[in-house]
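Presented below is the structure to which this report refers.
The values are calculated or read from the model by the stated rules, or taken from the named source; none is laboratory data. Just so it is clear, the structure is predicted and the values come from calculations on it, not from any experiment. With ideal geometry, Cβ positions are generated from the backbone for all residues, glycine too; neighbour counts draw on all protein chains shown. The area values use the complete protein model at the heavy-atom level, side chains included, leaving out ligands, DNA and RNA. Shrake-Rupley method; radii C 1.70, N 1.55, O 1.52, S 1.80 Å.
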Amino acid sequence: MICQLLVYIYFKSGKVIFMDGLMQKIVSLAKRRGFIFPSSEIYGGVEALWDYGPLGALLKNNVKKEWLKTFVQGMDNVALIDGSVLMHPKVWKASGHEENFTDALVECKGCHLRFRADYMEEGRFVGEGKAKAKNQCPACGKKEFTSPKNFNLMFKTYLGPVEDEKNITYLRPETAQSMFTNFKLVQETMRFKIPFGIAQVGKSFRNEITTGNFTFRSREFEIAEVEYFVNPKDADKEFDIWVNKWEQFFLDMGLKKANLRRYEHPKKSLAHYSKRTVDIEYKFPFGWAELAGIANRGDFDLKQHAKGSGEDLQYFDEATKKKYYPYVIEPTLGIERLVLALLIDAYEEVQGGRTTTTESTKEAEIMLKLKKNIAPIQVAVFPLVKNKPELVKKAREVTDILQEHFEVQYDEAGAIGRRYRRQDEIGTPYAITVDVESLENNDVTLRDRDTMKQERVLVSDLVETLSVKFNA
Ligand code: GAP
């Protein structure tokens, strides 16, 4: 019964119901082809926790590599750190998270289920289940709720074996804080002058109340963000520069311009640390929603940590011989949200199929038009048929050569058309077929995912030819 109720609430609180056709197709493809699985599925799964399977893990890694390439390798005044997930308990007091990182919850007096107070007020559940009006429980229809109570979204834990007050700390809900606590150390060890940035990508944890829309709102996810320290007088200018840079990154990753827009947060909805925030929203199948954000955090964090720790966290300007607290411009993004947006954006169905081989069917053919350098598998290698040992041997040799340079998948199962389709469905940009001619000429056919054009390439030229294509 409890399970049924939870499933019902899961359904009615905005998770499954928002999954329109496209969203369902993405969820199904993600599982069927090894991108994303429900966490602990053999135990029935856990709400808002996901495992990235063989292809998902590669895709996620490629996305992170591109991010690092752009914002760390590509910027000589930005340094990467890898901070710990657990931090000193005082960090979360000073940062304001212990007090402010909350959602207000109300409890239904009929069925004792809890809902976000603002969602009840807005009437988000009207028309769902038994909710006919605002402030009506979608599960039981009662209109009586407890008064709102703040619920902190951080996961609480204890440092060491003794579970008492003074050992309480939290799994970090953002990566930002270790970039503030390491501000001085990074600046000194890297001999940075302002403006400079600290970058980090890593796990963050939030005990979200309203979860759903697949991986969109998870309880464990990765944030990639930069804390960019600037002279306060340059903060507005730098903010605009970072909004443009951040948006450009999404375009460079292949997201369509028409599916991106900016949203300026009104003052009243700003996070406790922010002077200004602009979100970059993506047009998900369930509506426009935050993909990333850029905040001007002012000097809030450095001042708070200076106060909390007793350390002087001001920057000494050699030129003016004066000290000051820099402002922080913070571009941030959720890796899983970006992966989800990339899958949605790249998804195409070709009715009736694209291939004309005898194996082609009248079914819709699925393609993932992922940008070539983030595709989880870069090259597929097939022997034309698997019952000719010399073709299999040659295809294995080609695989060995390519594996040193690319992520390669060898596949000999089924007709060739079907194998191409399997690779199109996971976004593999290039497929190589070894046929009888290959044995005589030491060449193969190289097929392009998007144009389906095939060219013959000498095995000895393959690495070079593919490298040029990936870097084009
Ligand atoms: N340091 C600033 C910060 O953490 P945020 O907007 O709260 O800002 C950063 O989170 C990014 O993390 C968001 O832009 C979003 O892409 C992603 N994100 C936030 N909550 C998430 C969740 N529950 N599941 C998946 N991604 C999430």
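Around the Cα centre of the chain, unit charges on the Cβ atoms of Lys, Arg, Asp and Glu (plus for the first two, minus for the last two) sum to a dipole of about 1340 debye. Karplus-based coupling profile of region 325-333, in residue order and whole Hz: 7, x, 8, 10, 9, 10, x, 9, 8, with θ = phi - 60° in 6.51 cos²θ - 1.76 cosθ + 1.60 and x standing for Gly or Pro.
Close amide H pairs (under 5 Å, H built 1.01 Å from N) link Ser204 with Phe221, Glu222, Ile223, residues at least 5 positions away or on another chain. Mind pulling the angle between the C-alpha long axis of helix 2-12 and the longest principal axis of the chain? Nearest 10 degrees, somewhere in 0 to 90. Once rounded, the angle reads 80 degrees.
Carbon-plus-sulfur accessible fraction, the chain (probe radius 1.4 Å, protein heavy atoms only): 51%. Helices in the chain, meaning DSSP H runs of at least 4 residues, each add -39500 (n - 2.57). Divided by all residues, the mean residue ellipticity at 222 nm is -9500 deg cm²/dmol. Rounded to the nearest 20 debye, the dipole size of region 247-374 about its Cα centre is 500 debye, using +1 on the Cβ of Lys and Arg and -1 on the Cβ of Asp and Glu.
Once all protein chains are placed together, Asp164 keeps about 50 Å² accessible to a 1.4 angstrom probe.
Rolling a 1.4 Å probe over the heavy atoms of the protein chains gives region 276-418 an accessible area of 44 Å² per residue.
Note that region 450-461 has calculated 3J(HN,Hα) couplings of 7, 9, 6, 5, 10, 10, 8, 10, 5, 4, 5, 9 Hz, one per residue in order, obtained from phi through the Karplus relation 6.51 cos²θ - 1.76 cosθ + 1.60 (θ = phi - 60°); glycine and proline are x.
Solvent exposure of region 422-466, expressed per residue, is 41 Å² of accessible area, with all protein chains present and a 1.4 angstrom probe.
One equal scatterer on each Cα of the chain, no solvent, Debye formula: the resulting log10 I(q)/I(0) at q = 0.12 Å⁻¹ is -1.14. Between Ala364 and Leu251, the FRET efficiency estimated from the beta carbon spacing at R0 = 35 angstrom works out to 0.80. Computed over protein heavy atoms with a 1.4 angstrom probe, the accessible surface ordering of Phe316, Phe145, Phe183, largest first, is Phe316, Phe145, Phe183. Compactness ratio for region 102-152: Cα radius of gyration over 2.2 N^0.38 Å (N = residue count) comes to 1.00. Our coupling estimate for region 340-345, obtained by passing each phi through the Karplus curve with A = 6.51, B = -1.76, C = 1.60 and θ = phi - 60°, is 4, 4, 5, 5, 5, 5 Hz, Gly and Pro reported as x. Using alpha carbons only, the radius of gyration of region 364-471 set against its Kirkwood radius gives Rg/Rh = 0.93.
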